[in-house]
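Written out below as structure tokens is the structure these notes cover.
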Amino acid sequence: MKSTIEELGPTRVRMAIEVPWGDLDHAFGEVYKELGRQVRVPGFRPGKVPNRVLDQRIGRPIVLEQVVQHAIPEVYSEVVRENQVHVLGQPDIEVTRLDDNDTLAFTAEVDVAPKVELPALDELAVTVDDVEVADEEIDQQISVMRERFGMLTGVDRPAQDGDFVSIDLEAKLGDDVLEDGSTTGMSYEVGSGNLMEGLDDAVRGLSADESTTFQTALLQGPDAGEAADVTVTVRSVKTKELPELDDEFASTASEFDTLEELRDDVRTRLARTKVLQQGAQARDKLIDHLLETIEVPIPEKLVDREIEWRNRAMQNELQQAGMDWDSFLQMAGVESREAYDADQRTNIEQAVRTQFILDAVADAREVTIDNEDLSAQVMAQAQRNRMSPEQYAQQLQQGGNIAEFVADVRRTKTLAQLLEQTTITDASGNVVDLEALRPKTVQAPAADDTDSEDAATEDAATEDAATEDAAPEEEVAAAAAVEATEGATTDTEDAARS
């Protein structure tokens, strides 16, 4: 077998491959075996029909066509493997010569990973924000706690912003009642604006047992965009009475005896959160630096395929939700489909470039991964996806994403090594130690303990959720690798999609 590889550009090659007829014996054998089981010829048992009879019965051109279809994938894979070509996606195949009993020749054009020229990466440095906790931030946290300990009390007056009302809703389109837009006994905070457009204006000023009708555009379902008539009836009006901010509140809402002690604890936890966020910021700035200083050619067809796949997936999700693109863009606050597409392309291109850079660094430094690396990442991703490690591993296997996962773990480890050697300073010039950023495990409160949850647990849980990605070295890098390369098409993933 002869093969030559021609570079059509920095991210695309054409392979010209010639296969001697003798190398097709295996393909002929498989084709004749399959045809022998399918074709019935009088005088011969199934599977015992001679090859020459099958040629006469079916036609030699059809036999050759099936041999070519069987042989090309195997031959192509062998050439890719022998030449260590990092292909991306499926090739465009063209048969250029098919001489019976002589030669099969074909070309295969395919996207390949670009060759990335790496600069010296020995003196990496990034600057992150200072850690500053303002009194206003502490007040906001205390205010959230105070809201959670508020009591609802019925009032005999018209509803106003901040009140909690129990309402009945009935939506009609013409004379037809819309079941999805109708409900009874719903609790709603007036002025929150999180249910439907026009509801706040309608409810504001209504007392118990009073009703009004207003129009609002439907956002979902087959009638999305149509104006429906919605009748709202207020059943009760309640106001929230907040506890006084004093030592008694501190002892009730937390483990502390005084309000000053509670404020000091909130300040400490906010400072820890901001320190953790420095790690995430360092990670992001390191990736930005790599993208700015390393030139990476982008396979446009790969990006186009990824955009096409994402749009198909989004279209399916919108259809399942009974929405169209216009409704989605309006809810997302995007000006137009063109703006959405442009932003999506930019994000995908950055993800692809990041992936190639980390792969190049990993190759240059001969980064390897072991079972410990894989297990740690399975644990982390399982926790992120709120499932057990066993369930996550099974999901990877069933989806055929093992190779992709292993590649991501290698990138994660590579980014962790880069981050570890990076000098990180804050805006005031102080060196930030990543080891000090390691978060403590926080046990989230049980659902039935919500009302008695203390301030320390509440703030810690908030801190843990807000800074899940902001951990030192491997933890920070793991989050970065997932975020930065999200959507970047790998050869395994793209092949499965094609």
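The values are calculated or read from the model by the stated rules, or taken from the named source; none is laboratory data. What you see is a predicted model; the values in this text were computed from it and never measured. With ideal geometry, Cβ positions are generated from the backbone for all residues, glycine too; neighbour counts draw on all protein chains shown.
Annotations
- The residue that is surrounded by the most Cβ atoms within 10 Å (Cβ to Cβ), counting only those in the range 34-49 that are of a type in the set (G, A, S) and part of a loop (DSSP other than H, G, I, E, B), is G47.
- Every condition in (1) more than 29 Å from A332 (Cα to Cα); (2) in a loop (DSSP other than H, G, I, E, B); (3) not hydroxyl-bearing (S, T, Y) is met by L219 except one, and the failing one is (1).
- Selection from the range 197-216 of residues that are part of a loop (DSSP other than H, G, I, E, B) and of a type outside the set (K, R): E197, G198, G205, L206, S207, A208, D209, E210
- When the range 156-200 is filtered for residues that are over 21 Å from A321 (Cβ atoms), without any contact (Cβ under 8 Å) to a residue 60 or more places away in the chain and among the polar types (S, T, N, Q), the ones remaining, listed by number, are Q160, T184, S187, S192.
- Here the range 353-372 is the region considered, the condition is being under 18 Å from the mean Cα position of the chain (by Cα) and closer than 29 Å to P389 by Cβ, and the residue that is surrounded by the fewest Cβ atoms within 10 Å (Cβ to Cβ) is Q355.
- Filtering the range 373-411 to residues that are within 18 Å of the chain's Cα centre (by Cα) and touching a residue at least 40 places away in the same chain (Cβ under 8 Å) leaves Q377, A380, Q381, R384, G400, N401, A403, E404, A407, D408, V409, R411.
Residue by residue, here is whether (1) under 30 Å from L318 (Cα atoms); (2) touching a residue at least 12 places away in the same chain (Cβ under 8 Å) holds:
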{"position": "S207", "(1), (2)": "no, yes"}
{"position": "L219", "(1), (2)": "yes, yes"}
{"position": "A224", "(1), (2)": "yes, yes"}
{"position": "R235", "(1), (2)": "no, yes"}
{"position": "E248", "(1), (2)": "no, no"}
{"position": "R263", "(1), (2)": "no, yes"}
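- Helices (runs of 4 or more DSSP H) lying entirely in the range 373-475 (those with 1 or more residues that are at pLDDT 50 or above, surrounded by 17 or more Cβ atoms within 10 Å (Cβ to Cβ) and not charged (D, E, K, R)): 389-398, 402-421
- Every residue from the range 115-143 that is in a helix (DSSP H, G or I) and free of Cβ contacts under 8 Å to residues at least 40 places away in the same chain: D135, E136, D139, Q140, S143
- Taken as a whole, the condition of being out of contact with any strand residue (DSSP E or B) (no Cβ under 9 Å at 6 or more places or on another chain), within 22 Å of R146 (Cβ to Cβ) and in contact (Cβ under 8 Å) with a residue 60 or more places away in the chain does not apply to L242.
- Filter result (in a loop (DSSP other than H, G, I, E, B), of a type in the set (A, V, I, L, M, F, W, C) and crowded, with 19+ Cβ neighbours inside 10 Å) within the range 275-300: V296
- For the range 380-396, a tally of residues being within 20 Å of Q417 (Cα to Cα) and of a type in the set (A, V, I, L, M) returns 1.
- Subset tally (residues that are more than 40 Å from the chain's Cα centre (by Cα), of a type in the set (V, I, T) and surrounded by 15 or more Cβ atoms within 10 Å (Cβ to Cβ)) for the range 222-264: 4
- Residue within the range 142-164 that is β-branched (V, I, T), more than 30 Å from Q220 (Cβ to Cβ) and touching a helix residue (DSSP H, G or I) at 6+ places or on another chain (Cβ under 9 Å) present: yes
- The set of residues from the range 154-179 being more than 15 Å from T231 (Cα to Cα), of a type in the set (G, A, S) and buried (at least 17 other Cβ atoms within 10 Å of the Cβ) comprises just one member, A159.
- Take the conditions (1) modelled with pLDDT of 85 or more; (2) assigned to a helix (DSSP H, G or I); (3) under 18 Å from L98 (Cβ atoms); D55 misses just one of them, which is (1).
- Filter result (aliphatic (A, V, I, L, M) and touching a residue at least 60 places away in the same chain (Cβ under 8 Å)) within the range 317-338: A321, M323, M331
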